[in-house]
Amino acid sequence: VAFRFRPVARETRVHREKRLPSEAESSPRSPPRRSRRPGADGPRRRRAGRGPRAAGAMSQRQVLQVFEQYQKARTQFVQMVAELATRPQNIETLQNAGVMSLLRPLLLDVVPTIQQTAALALGRLANYNDDLAEAVVKGDILPQLVYSLAEQNRFYKKAAAFVLRAVGKHSPQLAQAIVDCGALDTLVICLEDFDPGVKEAAAWALGYIARHNAELSQAVVDAGAVPLLVLCIQEPEIALKRIAASALSDISKHSPELAQTVVDAGAIAHLAQMILNPDSKLKRQVLSALSQIAKHSVDLAEMVVEAEIFPVVLTCLKDKDEYVKKNASTLIREIAKHTPELSQLIVNAGGVAAVIDCIGSCKGNIRLPGIMMLGYVAAHSENLAMAVIISKGVPQLSVCLSEEPEDHIKAAAAWALGQIGRHTPEHARAVAVTNTLPVLLSLYMSTESSEDLQVKSKKAIKNILQKCTYLPALEPFLYDAPPNILKHVVGQFSKVLPHDSKARRLFVTSGGLKKVQEIKAEPGSLLQEYINSINNCYPEEIVRYYSPGYSDTLLQRVDSYQPLTN
C-alpha cells in the first residue's frame, strides 16, 4: 500500500514546490521559504563542506592500493620463480634473466611470506648446479641468510637452511664459504629449536658441509653439533632421525678421531637400537653410520660389536630394501676386515652364510660389499677360508665373476676367489673344480677388461695355481696360458708328477707331456728347470717320442736303415 501511494505523495510535493514562487511573489510580507529540493543551496553547501575529507580519503585509498599491488606483484613474482625453479629446463632461462639479483633484496622484504618464498626459490636454483650456487656466494646472499636465520620464524629458518645445504653440497670450496660466513654456529643453534622441521633442515645442512673432507667435518664438530645430533636421533620424528643419523655418518667417515668424537657422544648405543626400526630409509642411515665408525680401527669396530648388533644385523640382509642389504653387508665387511677374531665372531653368528645368501638374492653394486666381506674373511686364515667354502661361497663368487657386467665387481670377485684359494691344495681345489680358472684367464687376457680387473685376475690365478694340485684343472692352461702364467702351471706339474704314478700316466695320454716338450724355454730359466723336472719323471725314450721332430728322426733312420738280406 505504501508503495502504491508513494508516487502520489511525491507528485503532491512537487506541485506544492512549483506553487511556492507564485505565492511568495503575491505576498511580499511573508519571508521566503527555504527550498528543500535536492538541488537547492542548503544541501549543496553541506556537500561542499564534506568535499576535502572525501578527497583525502580517496587519495589515501589510492596510495594504499599502489602498495597492495606492489606487494601482490612481489608475492606473485617469488611464487612463480620458485615454481619455475622446480623444472630443470627453466633454470638456464632464469639465470640469464638475472634472477639472482632480483631475489636478493626480497630476502629482506617486509613481508615474511615473500622472504620465505624468495629463500625457497634461491635454494632450488642453487641446488641445481654449482654455477648457481657460486652465484649465491658471490652475490653476498649468505650473510643475509645467516643473519635472518637467527631472527626469523620457523618457516624462514627451514628455507634458509635449505639454501645453505643447496650451496654447500656441491664442493668443498662452496661449503667452506658457508663456514666462513659464520653459518655453523647459527645452524647448531637451530638444532635446539622447538620445531622438528627446523632441526631437520639444520642437521641436513651440517651433514652436507661435513661430508666433503676432514677439515670441514672438524669445523662442524668444533661448532658443537655432535651432541645435539645424538639428541636428534632420539627424537620421535622419523625424518629427523634419518637426517641426524646421516649427518653423524658424514662426520664419522673421514678419520678415527672424528669417529671417536661421535662415539664419545654416545651415538653407538642409540644407533644400534634402531637397526630393527621398520622404516627402511632410517635403517639405511643407521647401518651407514655404524659402518663409518667401525671401519677406522679394531677398537672402534669392537665397540660397535659390543653394542650387540649380532645377530640382529643379519636380519637386514633379507630386507626388501636393496640399500638396507647393501649397508648391512658393508657394516659386516668393515668389522670383518680388521682381525681374525672379529671374522670368527661373524662366522659363529652365521654371518658368512647370510652374506652368501644375500649375494645370491641381488645384483650389481648391491653385491659388492658382500663379495669383499667374503674375501676379507677368507684372507685371515685357512679355517676362515674353509668356512667360506663350506658355506658354498665359491660357487656364488664364480657366478658373480661370470654374470656381472661391471668390471669392478668382477675384480672384487676375482680377488675374493684368490684369497680363498691361496692357503692349501684343498682350498685351491675347491676353487678350481668350479671351472673358475679359465674364466679368470680369459678376463686377464681380454683387451676389454679394465687394468684393475686384469691385475686382480692375474694375482688370483697365481695364488690359486701355486697351491693347486688338481691336474685336470691345470692342464688346459698348458695350451692357453701366456708365458708368465705358464711357468706357474708347469711348476705345479713338476711338483705333483714325481709323487703320483697315476697322474704321470694321465699326463702322457692326455697330451700334456707332448705339450710340455713343445714349450720353448730359455736355457737356465725357472721354466726350463720345471720342464726338466717333468722329463725326469719319464723314461728317456718316452720323452724323445713326444719331442718335436722325433717323427722326422725316425723317418731318417728308416731311410738310412739297411735291411738284412739272406
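The values are calculated or read from the model by the stated rules, or taken from the named source; none is laboratory data. Source: prediction; values computed, not measured. Cβ atoms come from the backbone with ideal geometry, glycine included; neighbour counts cover every protein chain shown.
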Task: In segment 238-264, the residues that are assigned to a loop (DSSP other than H, G, I, E, B) and surrounded by fewer than 19 Cβ atoms within 10 Å (Cβ to Cβ) - done: Ser255
Open item on the list: Quick check on my filter: what residues within segment 524-533 are out of contact with any Gly (no Cβ under 9 Å at 6 or more places or on another chain) and among the hydrophobic types (A, V, I, L, M, F, W, C)?
Closed with: Ile531
TODO: Determine, yes or no, whether Ser343 is touching a Gly at 6+ places or on another chain (Cβ under 7 Å), assigned to a helix (DSSP H, G or I) and modelled with pLDDT of 95 or more.
DONE: no
- [ ] Might you check whether a residue that is under 25 Å from Ala214 (Cα atoms), among the β-branched types (Val, Ile, Thr) and either crowded, with 18+ Cβ neighbours inside 10 Å or in contact with a Cys (Cβ under 8 Å, 6 or more places away or on another chain) (or both) occurs anywhere in segment 112-128?
- [x] no
Open item on the list: Looking at segment 100-113, can you tell me whether even one residue there is outside any helix (DSSP H, G or I) and not charged (D, E, K, R)?
Closed with: yes
Task: Hey, Arg557 modelled with pLDDT under 65, of a type in the set (Lys, Arg) and either over 30 Å from Gln466 (Cβ atoms) or in the same structural domain as Phe493 (by TED's automatic domain parsing) (or both) or not - done: yes
- [ ] Only residues that are over 18 Å from Val167 (Cβ atoms) and touching a residue at least 24 places away in the same chain (Cβ under 8 Å): list them for segment 69-85, please.
- [x] Gln71, Arg74, Thr75, Phe77, Val78, Gln79
Open item on the list: Name the residue that is surrounded by the fewest Cβ atoms within 10 Å (Cβ to Cβ), counting only residues in segment 290-337 that are touching a Gly at 6+ places or on another chain (Cβ under 7 Å) and assigned to a helix (DSSP H, G or I).
Closed with: Leu314
Open item on the list: Looking at segment 352-392 only, could you name the residues that are over 21 Å from Glu426 (Cβ atoms) and part of a loop (DSSP other than H, G, I, E, B)?
Closed with: Ser361, Cys362, Lys363, Arg367
Task: Subset of segment 265-275 (residues that are in a loop (DSSP other than H, G, I, E, B) and either on the phi > 0 side of the Ramachandran plot or among the small types (Gly, Ala, Ser) (or both)) - done: Ala265, Gly266
Open item on the list: Out of everything in segment 527-542 that is in a helix (DSSP H, G or I) and exposed (fewer than 12 other Cβ atoms within 10 Å of the Cβ), what residue ends up being modelled with the highest pLDDT?
Closed with: Asn532
Open item on the list: What's the total number of residues in segment 443-474 that are in a loop (DSSP other than H, G, I, E, B) and either buried (at least 20 other Cβ atoms within 10 Å of the Cβ) or touching a residue at least 40 places away in the same chain (Cβ under 8 Å) (or both)?
Closed with: 7
Open item on the list: Checking Leu228 against (1) outside any helix (DSSP H, G or I); (2) under 26 Å from the mean Cα position of the chain (by Cα), only one condition comes out false. Which one?
Closed with: (1)
Task: So Pro395, is it under 21 Å from Pro369 (Cα atoms) and not in a helix (DSSP H, G or I) - done: no
